[in-house]
Structure formats: structure tokens, C-alpha cells
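Asks: Next up is a structure, given as C-alpha cells.
Bear in mind that the values in this text are calculations on the coordinates, not laboratory data. Predicted, not measured: the structure shown is a model, and the values here were computed from it. Virtual Cβ from ideal backbone geometry, glycine too; neighbours counted across all protein chains shown.
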Amino acid sequence: MSTNTVAWEGKFGEADLRIEIPPNGRIHAEWKTDAGVRNKVVDTIEQLERSVLFQLMIGSEVEDERREEVADAVALTLANRTPLPSYDSSPSRTPKKKPRQQGGPRRRGGGGGSRRRRR
């Protein structure tokens, strides 16, 4: 049975903030304010900062050092987590792109479906 790891929990400005990292590595944030409970799931620390931390900093007296503390705690938790057992460390294969058809640039119609334009 896999469980989430709490990366950081505490008061962040006016909000009670809890950040968890599940085994899949995504970042789950939950915060409670007078306005209610909110949740956000993001993939990166940058997304966490932009969509959660900076928003909570607006209008409250949160020092930038506090934001860095939270981001560092999340980064440390991500670095120390055990990946899911099904994780394959081999590089993923990207499908090859088909060569582009020669004969000039593609034309895009102005909303008329796939009809070609007359000259």
C-alpha cells in the first residue's frame, strides 16, 4: 500500500497549507482560508510557486524566505522519494515524425473546412 509523503505543512500567510507528494511524483497542495478549502495538483515546483504560493502571498505578509522554505522542502521530498515500482528508467521512445510533403507551405483555410482556396 502506497501513501502520500507530507513535504510541508504549516501556516503560510493567512492559510493553513499542506503539501503532499504521492508515489507518482505529482505535487498535491491543500490550503484552508476563511474563504474555504482549496486544492491544486501540479507537476513541478515552478507550477506550485506560480499557482499556489504566489497567490497565497498576495495580500498577506509572507516573506519570500518562507516561499523558498516551502519550495526547498518540496524539492527535497521529491529528490528522496521512491518512485512507483512500475517506473521504467529506460528513455522513452518518441514516435518519429513523418517527413513533410514537398511543394511549398501548407495553407490554412479560414474556417471553411478543408476546401482549398481558388486562385
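Asks: What is the set of long-range amide H partners of Thr5 at a cut-off below 5 Å, with H atoms built 1.01 Å from backbone N?
Replies: It is Ile21, by chain and number.
Asks: What ³J(HN,Hα) values, in whole Hz, does the Karplus curve 6.51 cos²θ - 1.76 cosθ + 1.60 give for segment 31-36 when θ = phi - 60°, with x put for Gly and Pro?
Replies: Using θ = phi - 60°, the values come out as 9, 10, 10, 4, 7, x Hz.
Asks: When only C-alpha pairs under 8 Å and at least 6 residues apart count, what is the relative contact order of segment 5-80, in percent?
Replies: Once divided by the residue count of segment 5-80, the mean separation gives 29 percent.
Asks: Still on this model: When the Karplus curve 6.51 cos²θ - 1.76 cosθ + 1.60 is applied with θ = phi - 60°, which whole-Hz ³J(HN,Hα) does each residue of segment 70-81 get, with x for Gly and Pro?
Replies: Whole-Hz 3J(HN,Hα) from phi for segment 70-81: 5, 4, 5, 5, 5, 4, 5, 5, 4, 5, 9, 6.
Asks: Give me the net charge for the shell around Ile45: Cβ to Cβ below 11 angstrom, other residues only, Lys and Arg +1, Asp and Glu -1. Walk me through the numbers on the way to the answer.
Replies: Numbers: positive: Arg50, Arg67; negative: Asp43, Glu46, Glu49, Glu68, Asp72.
Once all neighbours under 11 Å are counted, the net charge is -3.
Asks: Right, another one. Would you kindly state how much longer the chain becomes between Thr5 and Ala35 on full extension, computed as 0.36 nm times their sequence separation minus their alpha carbon distance, in nm to one decimal?
Replies: Numbers: separation 30, 0.36 × 30 = 10.80 nm, distance 2.63 nm.
So the extension gain works out to 8.2 nm.
Asks: Assuming a ≥ b ≥ c are the square roots of the Cα gyration tensor eigenvalues, decide whether segment 5-80 counts as rounded (a/c under 1.5), prolate (otherwise, with a/b larger than b/c) or oblate.
Replies: Judged from the Cα gyration tensor, segment 5-80 comes out prolate (a/c at least 1.5, a/b above b/c).
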